[in-house]
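Data block below; observations after.
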Amino acid sequence: MRSLSNIFSKELRELLTPATVLPIVILAVLFGSLGGVIGDVEDEVTKPPVIGLIQQDAGALSSYAALVLTSSSEVVYNGTDIEEGLDAVAAAGGTALLVIPDGFTEDIMSNESGTIKVYWIMKGTGVLDTISSEALSGLMRATDQMLSRHILESGMGLSVNTTLNPTVTNETTTFKGKTMEGISPSSISATLSSQNMVVPLIVLMVIIMSGSTVIASMGLEKENKTLETLLTMPVKRSHIVLGKLGGAAAIGLLMAFIYMLGMGSYMNSLQGSTSLDLSTFGISMNTFDLVLVGLSLFLAVVAGLALCLVIGVFARDYKSAQSLTMPITFLAMIPMFVLMMKDFNTLPGAVQAGLFAIPFTHPMMAMNNLMFDDYTLVVAGIVYEAVFASAMMALAVVLFKKDILVTGRKVKKRKKDGGA
């Protein structure tokens, strides 16, 4: 039994290292916080949409449509002023302001579809951020069907086309200070998601491939004793660290460039003619924006590789290095999937702090922010990436001067014979 306990203790010491435990703790905190967000999706779907309503038409069909809309929603404004209504809906965290314009009933009675103006207040670009707008769109479709039934039951004798389609919508979306006419939040979210998938995939693939290579090479060098030979040469430890990072970063960026070309071509062909041209709404990027995205991507790669080099120090051999690649992989995957589901600005503060601390997050959301001229978060992310990369490189230099670089663990000082 003693031999069994010794083997068990040995395996625990080998597996329970700061490099393996700390990332898992961070992941647990992030997943726990995100679980609360995603867990509320069902409640969000079933909750009535928060709207404002302005009824400018006094006709019977207008009143009927307003009755249907208000019966299945939470109305926070029911007045006459559009600007005042938008402010009231935005303050209540609502979805949209609906306006039934003058002439709505008259248009339908003239065999023309009546127009309902929808002023969307977009919260974010994530999939979960568009739930409320999709719920309201469903309510408006139901209103259209109820009007059709009312027209048939009343025997108004309207044309088949008008009876089946009594209403049309005129949509205007407001998001991050931009007003976009003729477009809905779901369309904007879908288009941005398809256009901004390239950079997250590049970051994910580069970090997984280059990062695992750095960690594995550290374990292999220790196993083959080549690292010990390198350390005996008259070379500064900082030069060793910079040399390893420089080589890995060069290969990583080369892979990123090749991957970007292939993925960019794929995404362009996939979008085809169905993609909206957001540049017509003033949503685009200039040369300076592209430089910022490239800088953020470069710093994320360097920061990730520096972190991998620090983690690789704890590897004793090639086998143990394989288990150390998992935390890096998860750290690269989490921001990508979280930002697909929720916009960074709509996440809880704890999740925002956790994502901001991951350097891979910043290039993934840089394009989205820059397209809406939101430079604050992008610049802050670049500064953080630079600080994080510098800190990891400094830590790597310190660790390269310790015995742990060769042993993969701390060396305990033995007590002197006869000492206390």
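Nothing in this text is a laboratory measurement; each read-out follows from the coordinates by a stated rule. On a predicted model such as this, the values are computed, not experimentally measured, just so you know. No Cβ is skipped: glycine too gets one built from the backbone with ideal geometry, and neighbour counts run over all protein chains shown.
Quick notes on this one:
- Hydrodynamic analysis of the stretch 48-190 uses the Kirkwood radius over alpha carbon pairs. Inserted into Stokes-Einstein at 20 °C and 1.002 mPa s, it gives a translational diffusion coefficient of 140 µm²/s.
- Relative contact order %, the stretch 108-245, counting alpha carbon pairs below 8 Å whose residues are six or more apart: 27 percent
- ILE258/SER71 FRET efficiency (R0 45 Å; Cβ-Cβ; nearest 0.05): 0.20
- Under 5 Å between amide hydrogens, built in the peptide plane, is the criterion, and for VAL75 it picks out ILE51 among residues at least 5 positions away or on other chains.
- Farthest toward positive dipole pole in the stretch 48-190 [+1 Lys/Arg, -1 Asp/Glu at C-beta], among PRO48, TYR77, ASN165: PRO48
- Taken one residue at a time, the phi angles of the stretch 352-367 give Karplus couplings (6.51, -1.76, 1.60, θ = phi - 60°) of 4, 4, x, 5, 4, 6, 8, x, 6, 5, 5, x, 5, 10, 5, 4 Hz. Gly and Pro are set to x.
- In Hz, Karplus ³J(HN,Hα) per residue of the stretch 82-98 (6.51, -1.76, 1.60; θ = phi - 60°; x = Gly, Pro): 5, 4, 5, x, 5, 5, 5, 5, 5, 5, 8, x, x, 9, 6, 10, 9
- Each residue of the stretch 182-188 was assigned a 3J(HN,Hα) from its phi angle through the Karplus curve 6.51 cos²θ - 1.76 cosθ + 1.60 (θ = phi - 60°); the sequence is x, 8, 9, x, 5, 5, 5 Hz, with glycine and proline shown as x.
- Long-range amide H partners of ILE54 with built H, under 5 Å: LEU98, VAL99, ILE100
- Take each peptide in 366-378, 298-310, count the other Cβ atoms within 10 Å of every residue, and average; sorted highest first, the result is 298-310, 366-378.
- Extension gain (nm, one decimal) between GLU106 and MET233, 0.36 nm per residue minus Cα-Cα: 36.7 nm
- Long pairs among LYS178/LYS342; LYS10/LYS236; LYS10/LYS244, criterion Cα-Cα beyond 28 Å: LYS10/LYS236; LYS10/LYS244
- Ordering of 351-359, 240-248 by burial proxy (mean other Cβ atoms within 10 Å per residue, highest first): 351-359, 240-248
- Amide hydrogen neighbours beyond the local backbone of GLY59, cut-off 5 Å, H modeled: THR105
- Spin-label model, ALA394/MET209: points 7 Å from Cα along the beta carbon direction are separated by 3.3 nm.
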